[in-house]
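Read the structure below first, then the notes.
Nothing in this text is a laboratory measurement; each read-out follows from the coordinates by a stated rule. The structure displayed is predicted, hence computed values, not measured ones. As a convention, Cβ positions derive from the backbone with ideal geometry for all residues, glycine included, and neighbour counts pool all protein chains shown.
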């Protein structure tokens, strides 16, 4: 019963707030292929190829958080913290609250923004004159407000549905072992 | 988003046994008190007299929360029960977050279950040999090689037990039967050593070690040999 209620809530919230969202598209399937290749290249230490594949994945599925995370990890390996910071922020703005990868990305961001040890402290420049106060627009008129509300409701509905209907542990694909070894 | 929620729900409501439909299979339940989630599970599997290393991961490198379940399907199982030893390393990003090990015996055409607890890794020396449980996760009756940044690699099961030697590589014990001078033996078969290395017996000791790339085969009534 609780599962049915959760499904109804999830469907209603999604239908109301996610009009542009549709079932997985061809672009998203292609993005997943690029992502798989990018992750494999990252694990193999081929960071240039990883960056190219992950950038393609991100371009095809710009709303997905995961490609940004892998892009950031790759760019750190390439020594490109400037780009990594952009992708870390892109990931953090899309990842749901409580996502276990958030801590990892925050730690990477901290390392990236840490000042290099060779920086010599100098006297701070004089403070500029304060800008004249401006009237702040109402928060509900900010471009991101309703997007954020929609994303939060959809995420909450999905998490609630999952929690109420879940009847077992998470899964990973099985491996098969035979005469020639084991393979996923 | 609808599709994602639907897939999530269907997955949650599906059959709970990852071995469902398999002939000979070992269910693997992985949990941890210190690791919340992983994106890759690296497995070192010793099954019967075979050994392999493989990796399972969710599509797209997605993160999977613990506890999780997966399965090791054994193809072409014969008529005898198969001893299965598994060492698992849970990874997130590029780092190993925890390792654990377990072993079981599964009868042909039957299912068995293993539970592995991932614990923070200890500091073993890369390339050195250790009995399971001595600075790395593993079956105490199996000799492993420490693998920097990955799952420990099984060298082989020690028929006569595994001996811990502080300051030196651990090794498989010789057992109670003496080797014959000039004979060739795998480590752990009548002389102490590495089960993936072939030795020549000299006054009961292992000499002239030769590494066997594909494993060492113990043969009754004749010299052992590399595969």
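With the helix formula -39500 (n - 2.57) applied to DSSP H stretches of n ≥ 4, chain B reaches a computed 222 nm mean residue ellipticity of -1500 deg cm²/dmol.
Axis angle, to the nearest 10 degrees, between helix B:2-13 and the longest C-alpha principal axis of chain B: 60 degrees. Across peptide B:38-48, the average count of Cβ atoms from other chains found within 10 Å of a residue's Cβ is 3. In segment B:122-227, inverting the average of 1/r over every pair of distinct C-alpha atoms gives 13.6 Å as the Kirkwood radius. Relative contact order for segment B:75-227: 13 percent, from Cα pairs under 8 Å spaced at least 6 residues apart, divided by residue count. Placing dummy labels 7 Å off each Cα toward the beta-carbon, the span from residue A:106 to residue B:178 is 6.7 nm.
By definition, a body whose alpha carbon gyration tensor gives a ≥ b ≥ c is oblate when a/c is 1.5 or more and a/b is not larger than b/c, and segment B:31-180 fits this oblate description.
Computed extension length for residue B:20-residue B:75: 18.3 nm, one decimal, from 0.36 nm per residue of separation with the Cα-Cα distance subtracted.
Inter-chain Cβ neighbour count for B:70-80, averaged per residue, equals 4 (cutoff 10 Å, partner chain atoms only). Highest-first packing order for the peptide set B:145-156, B:213-224 is B:145-156, B:213-224, based on the mean count of other beta carbon atoms within 10 Å.
Counting, for every residue in A:94-106, the Cβ atoms of other protein chains within 10 Å of its Cβ and taking the mean gives 2. A prolate overall shape is assigned to segment B:29-94, the ratio a/c of its alpha-carbon gyration tensor axes (a ≥ b ≥ c) being 1.5 or greater and a/b exceeding b/c.
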